[in-house]
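All of the numbers you see were taken from the coordinates with simple rules; none came from a lab. Computed from a prediction, not measured in an experiment: that's the story for all the values here. With ideal geometry, Cβ positions are generated from the backbone for all residues, glycine too; neighbour counts draw on all protein chains shown.
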Amino acid sequence: MTSKKWTASDIPDQSGRVAVVTGANSGNGLETARALAGRGALVVLAVRDLDRGRAAVDAIRADHPGSDLVLQELDLASLDSVREAASAIGNRFERIDLLVNNAGVFHTPRRQTADGFEIRMGTNHLGHFAWTGLLLERMLPVAGSRVVTVSSDAHRYRSRIDFDRVGAAQDHSQAAAYGRSKLANLLFTYELQRRLLAAGASTVALAAHPGWSETEILRHFPGIRVIHLLIQPLRHSAAMGALSTLRAATDPTASGGQLYGPDGFMEMRGHPVLVTSSARSQEAALQRRLWHASEELTAVSFSV
C-alpha cells in the first residue's frame, strides 16, 4: 500500500468499457459518472428524473466534450421500472464492465415503494438487488467486471434487521431505516462476492462509502439549512465523496469483497482507502438470510 493519496487522476483509461451508474443525475453519482466519462468510458446514467438526467448529461459534456453518455429512466422504488430498465440496457449492450449501485434515499416523506416496501429498504437495497440480478448476465462473461454498491457508515448504527419484516417499516425512525438499508447493501455485497467466487466468475463485488459529502440526500431533513452550517466543516465535496466509489470501481489493485471509504477523522472526509465494516455486516449467516429474503421479495434470482 503506497502512502500516496488516491485521486481521480489515478483512474486508469476506461476506453471501451461500459459503466452503468444509478442516481447519476446529482451528488456522488454525477461525480462518479463525470469522472468515468472523462477517462473514456461509455456511461449509462440510470436516473428517476429524466429532466435532471438531461441536465447531468449536459454538465458532463460541458466538461468532457464528445463523451459517450446514455440516459436511462430507472425508478428503483418500482420493480416494474427496474425490470423495464434492465431489459432496455440488456437489449442495447452485449456487455457491462461496471455496475455502480449508487442511488439512495435517506430522509424523505414516510411512504412505501410501488411494491409496498418501506421506501429506504425498498430503494436502497431491494431495488438494487433486483437491478443487479437482472443485469449480471451481461457482466459475467466480461473479464474484470465489477459491481460496486455504495453503502454508508450509517450501517453501524441502529441497523439491526428484523428478518420477518425485511421489506416493511420496522419502527418510526428514518435514521434507523436508513441504517438498515445501508447494512443490507454490505450484506448483499459480501454474499454476492462469495457466490461469484464459488462460481469461478471473473466478476467481483465491492462496496464503498462516501463519508459526509455535499449531496442532496438530506434535502428533506427538517432544519437542513442550520444543519448544513453545523456540519459543513466535517464534510467534503461530492467529487471527493465519489472517490471511494471510483477507487473500488477502477483501481487495478482492488479485490472482491473490499470496502473503500475516506481516510479522515471517523471516515467522514478524505481520500479513499481500504476500511472495515461492522462485525454484523460480516456475519455470513445474516448475509445468506438477507439474500434469500431479497429473492423472495423481488422474485429475482441470480445465476450465481
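Tabulated data
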quantity: Charged-residue dipole, Cβ positions (Lys, Arg, Asp, Glu), the chain about Cα centre, Debye nearest 20; calculated: 560
quantity: For segment 1-124, size of Cβ-based charge dipole, Lys and Arg +1, Asp and Glu -1, in debye; calculated: 320
quantity: In nm, spacing of pseudo-spin labels at Arg289 and Arg61 (7 Å Cα→C-beta vector); calculated: 5.0
quantity: Mean residue ellipticity (222 nm) of the chain, computed from DSSP H runs ≥ 4 via -39,500 (n - 2.57), nearest 500; calculated: -11500 deg cm²/dmol
quantity: Ala88/Met266 FRET efficiency (R0 45 Å; Cβ-Cβ; nearest 0.05); calculated: 0.65
quantity: Residue with peak Gaussian network fluctuation, the chain [Cα springs, cutoff 10 Å], from Ala168, Ala62, Ala24; calculated: Ala62
quantity: Value of relative contact order over the chain, rounded to a whole percent, pairs C-alpha under 8 Å and six or more apart; calculated: 19
quantity: Amide H within-cut-off set for Ser213, under 5 Å, with H built and near neighbours excluded; calculated: His236
quantity: Of (1) 27, 26, 18; (2) 34, 21, 18; (3) 25, 23, 20, the label for semi-axes √(5λ) of the Cα gyration tensor in Å derived from the coordinates; calculated: (3)
quantity: For Val44, distant residues with modelled amide H under 5 Å away; calculated: Ala19, Val20, Val21, Val70
quantity: Order by protection proxy (mean Cβ within 10 Å, highest first), peptides 190-201, 292-303, 5-16; calculated: 190-201, 292-303, 5-16
quantity: Kyte-Doolittle mean at least 0.0 and Cα axial length at least 15 Å: DSSP H helices in the chain; calculated: 238-250
quantity: Under-5 Å amide H pairs with Val273, H placed in peptide plane, nonlocal only; calculated: Gly261, Asp263
